[in-house]
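Below is one structure, written out as structure tokens; comments come after it.
The values are calculated or read from the model by the stated rules, or taken from the named source; none is laboratory data. These numbers come from a predicted model, not from an experiment. Quick reminder, even Gly has a Cβ in these numbers, built from the backbone with ideal geometry, and neighbours come from all protein chains shown.
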Amino acid sequence: MYMRVACLNIHAGRCGTGSNQASLHAVADLLRSVSPDICLLQEVDRRMPRSGFVDQAGRLARAMRRDGEEEWYFAFYGRLDFGPLGQYGNAILSREPLGSIRRVPLSANGGEPRGAIGVTFPGDTPTAIWTAHLGLRDEWRATQLADLADALNSDREEGYRVIVGGDFNARADAPEVLRFQERTGLVLASLDAPTFPAIQPTHRIDFLFASPDGLVAGSGVTAESNASDHALIWIEFQSDGETR
């Protein structure tokens with residue numbers, strides 16, 4: 001199985017300039033620029049007043065269609081739920097139909113509620129792909145990454161190769177991130193380059209991790225875009241030696 005996986009904190013479509021004017025067109029253009037098969041998205045609004053009551057995951061899935069494709073598929077998890085005023089969370093967009101969908105709450109410990117969403121793809125080499133957005137404090141991230149590791153290890157025990165990406169709000173050498181890698185056995189697959197802020201980035205806080213028994217055939221970072229306040233990261237993952 002071959003796939004190109006893109007990962008982006010979309011800042012609810014409010015652009016990297018800090019404007020409250022939602023611009024999903026800019027986000028869609030940025031995603032399409034790397035020709036992904038899967039998109040892992042954080043800070044996604046669903047029917048929130050600030051973004052015009054739009055289902056952002058659904059609209060972006062429609063915007064990702066290529067010539068000849070009938071539809072893209074998507075899954076959303078709004079861990080922060082405002083009832084009639086909408087939800088806020090993470091989403092996964094896919095060119096291929098989704099298998100199962102898992103939504104896992106991550107420990108808040110007094111901070112903003114966080115969650116992770118994962119989808120599976122069956123086949124000769126079953127693959128599970130997850131995304132998450134972690135908290136701002138190291139003690140919050142430590143418990144959230146422990147919860148996430150439990151979910152990923154469950155998939156690995158069932159025979160899935162795993163990819164997880166997101167906004168970790170931490171450095172790659174942060175103790176909680178290193179413990180997460182030790183617990184899951186995943187390897188850091190995304191390019192060693194800063195991802196935040198999007199314009200002239202100085203901090204690497206967005207990551208893609210992958211099972212060590214797959215091949216990362218390429219990776220990249222697309223910065224200097226006003227589509228979001230984060231750069232876009234991507235990897236090409238081959239789980240069974242297949243090439244595109």
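Just give me the residues in the range 187-219 being modelled with pLDDT of 95 or more, of a type in the set (A, V, I, L, M, F, W, C) and closer than 27 Å to VAL27 by Cβ, in sequence order.
LEU188, ALA189, LEU191, ALA193, PHE196, ILE205, PHE207, LEU208, PHE209, ALA210
So GLU70 ticks every box in (1) closer than 24 Å to SER239 by Cα; (2) surrounded by fewer than 18 Cβ atoms within 10 Å (Cβ to Cβ); (3) among the acidic types (Asp, Glu) but one. Which box is left unticked?
GLU70 satisfies all of (1) closer than 24 Å to SER239 by Cα; (2) surrounded by fewer than 18 Cβ atoms within 10 Å (Cβ to Cβ); (3) among the acidic types (Asp, Glu) except (1).
Any residue in the range 87-100 that's closer than 25 Å to PHE168 by Cβ: show its pairings with residues that are part of a loop (DSSP other than H, G, I, E, B) and acidic (Asp, Glu) at Cβ separation under 8 Å, as long as the two are six or more apart or on different chains.
Hits for this filter: SER94/ASP37.
Do any strands (runs of 3 or more DSSP E) entirely within the range 6-98 hold 1 or more residues that are modelled with pLDDT under 95 and either within 26 Å of SER219 (Cα to Cα) or of a type outside the set (Ser, Thr, Tyr) (or both), and if so, which?
73-81
In the range 114-185, which strands (runs of 3 or more DSSP E) lie fully inside it and hold 2 or more residues that are touching a residue at least 60 places away in the same chain (Cβ under 8 Å) and under 25 Å from GLY220 (Cα atoms)?
Working: elements: 114-121, 127-133, 161-167.
By residue number, 127-133, 161-167.
Within the range 157-180, take every residue that is buried (at least 18 other Cβ atoms within 10 Å of the Cβ) and of a type in the set (D, E, K, R) and give me the one that is farthest from the chain's Cα centre (by Cα).
Looking at residues that are buried (at least 18 other Cβ atoms within 10 Å of the Cβ) and of a type in the set (D, E, K, R), I get GLU176.
Only residues that are surrounded by fewer than 20 Cβ atoms within 10 Å (Cβ to Cβ) and in contact (Cβ under 8 Å) with a residue 24 or more places away in the chain: list them for the range 38-63, please.
ARG47, PRO49, ARG50, GLY52, PHE53, VAL54, ARG59, ALA63
Specify which of the listed residues (ASP150, ASP173, ASP138) is in contact with a strand residue (DSSP E or B) (Cβ under 9 Å, 6 or more places away or on another chain) and among the acidic types (Asp, Glu).
ASP150
In the list GLU242, GLU236, which residue meets the criterion of being under 25 Å from GLY123 (Cβ atoms) and modelled with pLDDT of 95 or more?
Within the list GLU242, GLU236, the selection yields GLU236.
Would you point out the residue of the range 71-130, among those that are in contact with a strand residue (DSSP E or B) (Cβ under 9 Å, 6 or more places away or on another chain) and among the acidic types (Asp, Glu), that is nearest to LEU148 (Cα to Cα)? Steps first, please.
As a first pass, look at the range 71-130 and keep what is in contact with a strand residue (DSSP E or B) (Cβ under 9 Å, 6 or more places away or on another chain): 72-82, 86-108, 112-121, 125-130.
Of the ones still in play, those that are also among the acidic types (Asp, Glu) are 81, 96, 112.
Working: ASP81: 20, GLU96: 24, GLU112: 16 Å.
The residue in question is GLU112.
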